[in-house]
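Got a structure for you, questions after.
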Amino acid sequence: MPRTELFPISTPQPVPEGLTFEDVRMSFLVRLHGEEKRLAALQDALESAEGGRVPAIVDLQIFAHRLRGAAAVFGLPEIRDAAKNLEMSCAAAATSNATLGESLVQDTIRMLSARLTFLNGFTADSSDRTMPSPVD
């Protein structure tokens with residue numbers, strides 16, 4: 001069965017001089033718009049999977065793991081925790097291959113999606129919103 005998520009291997013690039021942690025954090029916040037779309041695509045792949053859904057669940061688990069780590073680094077505990085819940089529910093569903101596990105995966109997808117949608121509202125170019133600051 002083909003994988004639903006491809007993770008290209010890239011060559012590490014040199015860090016531009018003068019790049020600050022806040023610059024990288026802002027880049028991550030902008031990237032979250034794409035992560036919301038990727039999560040929706042992975043959810044669609046899970047829902048349309050015929051036969052074994054384990055590959056789609058594993059792809060969701062990998063996605064959630066990466067998002068969890070980045071959110072932890074950049075001080076976004078709501079995204080970190082929602083991604084952790086998705087990662088753990090995917091791990092359980094992949095090993096049990098049960099309908100109940102898939103239901104939990106769908107629930108945690110919705111929770112993470114809601115968190116991303118909320119945060120992306122703050123990262124939109126709007127003068128009346130305040131960017132969430134990192135949590136210490």
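The values are calculated or read from the model by the stated rules, or taken from the named source; none is laboratory data. From a predicted model like this one, the values you see are computed outputs, not experimental measurements. Here the Cβ positions follow ideal geometry from the backbone for every residue, glycine too, while neighbour counts run over all protein chains shown.
Being touching a His at 6+ places or on another chain (Cβ under 9 Å) and of a type in the set (Gly, Ala, Ser) is true for just one of Ala45, Ala83, Ala56. Which residue is that?
The unique qualifying residue is Ala83.
Could I ask something else about it? Could you go through segment 39-47 and let me know if any residue there is at pLDDT below 90 and surrounded by fewer than 18 Cβ atoms within 10 Å (Cβ to Cβ).
The answer is yes, given that some residue of segment 39-47 is at pLDDT below 90 and surrounded by fewer than 18 Cβ atoms within 10 Å (Cβ to Cβ).
Given the residues Leu104, Leu100, Leu86, which is the only one that is in contact with a Ser or Thr (Cβ under 6 Å, 6 or more places away or on another chain) and modelled with pLDDT under 90?
Leu104
Here are the criteria: (1) modelled with pLDDT under 85; (2) surrounded by 12 or more Cβ atoms within 10 Å (Cβ to Cβ). Tell me which single one Thr11 does not satisfy.
If we test Thr11 against (1) modelled with pLDDT under 85; (2) surrounded by 12 or more Cβ atoms within 10 Å (Cβ to Cβ), just (2) comes out false.
Turning to a different aspect of this structure: From Arg31, Arg25, which residue is within 28 Å of Phe118 (Cβ to Cβ), touching a residue at least 40 places away in the same chain (Cβ under 8 Å) and either in contact with a His (Cβ under 7 Å, 6 or more places away or on another chain) or surrounded by 11 or more Cβ atoms within 10 Å (Cβ to Cβ) (or both)?
Of the residues listed, the single one that is within 28 Å of Phe118 (Cβ to Cβ), touching a residue at least 40 places away in the same chain (Cβ under 8 Å) and either in contact with a His (Cβ under 7 Å, 6 or more places away or on another chain) or surrounded by 11 or more Cβ atoms within 10 Å (Cβ to Cβ) (or both) is Arg25.
To continue, here is another question. I'm told Arg53 meets every condition in (1) among the basic types (Lys, Arg); (2) out of contact with any Asp or Glu (no Cβ under 9 Å at 6 or more places or on another chain); (3) surrounded by 13 or more Cβ atoms within 10 Å (Cβ to Cβ) except one. Can you identify the failing condition by its number?
Checking Arg53 against (1) among the basic types (Lys, Arg); (2) out of contact with any Asp or Glu (no Cβ under 9 Å at 6 or more places or on another chain); (3) surrounded by 13 or more Cβ atoms within 10 Å (Cβ to Cβ), the one that fails is (2).
Would you mind listing the helices (runs of 4 or more DSSP H) fully within segment 16-126 where at least 2 residues are among the polar types (S, T, N, Q)?
21-48, 77-96, 99-123
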